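Just below is one structure, and these are the notes that go with it.
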Amino acid sequence: DRKNTRAELFRELGRYWGELKEEGFWDQFHETISSPLEFPFSGRGDGNREGPVTIAVISDVHANLPALEAVLEDAGSRGAAVLLNAGDMTGYGPFPEEVVDLIRGRHILSVAGNYDLQVLSRKWKTGRPRSREKRLAMRWAYRNLSQETRNCLTHHPRLLRLPVRGLPLRVTHGSPE
């Protein structure tokens, strides 16, 4: 019975997904989430569609909360309309939970970094990486992330594709390959 119910629910989801696609929902959704790249956030700039969009890109924060706060303040003072994070929020620093919370709280679009993925995969339990210090840092980071934050990090994509005034922008931690 459960298999049949699950199969029917899946078919229903497929039909609903198709309806949303026909109604143009996904195009509208993509436009909505990428609108900060087309227009400055309220309170910054004049809302003009012409001219440059100031985008701040951060990466490899590695749980260094004071550095992240300083960079975000600097980006704001320079008029950054959009903030993007190219991954590795967790790491060697003492504030993995706080860094992820701040990035989430500011609604910064983020991709997963290799370090984030290694912390979540718990490969450090099997003796990888080889460096003892790196294994200890990964274990410490994992143990100092809440389950909610781990779930959040798990759902970060490896690649973001965003339109910026009609031009494609790709954000990834390493090579787009």
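The values are calculated or read from the model by the stated rules, or taken from the named source; none is laboratory data. Worth saying up front: this structure is predicted, and the values here are computed from it rather than measured. With ideal geometry, Cβ positions are generated from the backbone for all residues, glycine too; neighbour counts draw on all protein chains shown. Accessible surface areas use protein heavy atoms only, side chains included; no ligands, DNA or RNA. Shrake-Rupley method; radii C 1.70, N 1.55, O 1.52, S 1.80 Å.
Here are the numbers for this structure:
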quantity	calculated
Where E69 falls short, out of the listed (1) among the charged types (D, E, K, R); (2) open to solvent by less than 70 Å² (accessible area, probe 1.4 Å); (3) at pLDDT 95 or above	(2)
The listed residue being of a type in the set (A, V, I, L, M, F, W, C), surrounded by 12 or more Cβ atoms within 10 Å (Cβ to Cβ) and not in a helix (DSSP H, G or I), out of A112, A141, A137	A112
Pair list, Cβ under 7 Å, 6 or more apart: region 147-176 residue in a loop (DSSP other than H, G, I, E, B), other residue among the basic types (K, R) and at pLDDT 85 or above	P176/R170
Failed item in (1) more than 11 Å from the chain's Cα centre (by Cα); (2) farther than 14 Å from S59 by Cα, with R104 passing the rest	(1)
Any hit, region 81-102, residues being aliphatic (A, V, I, L, M), free of Cβ contacts under 8 Å to residues at least 60 places away in the same chain, within 30 Å of W26 (Cα to Cα) and assigned to a helix (DSSP H, G or I)	yes
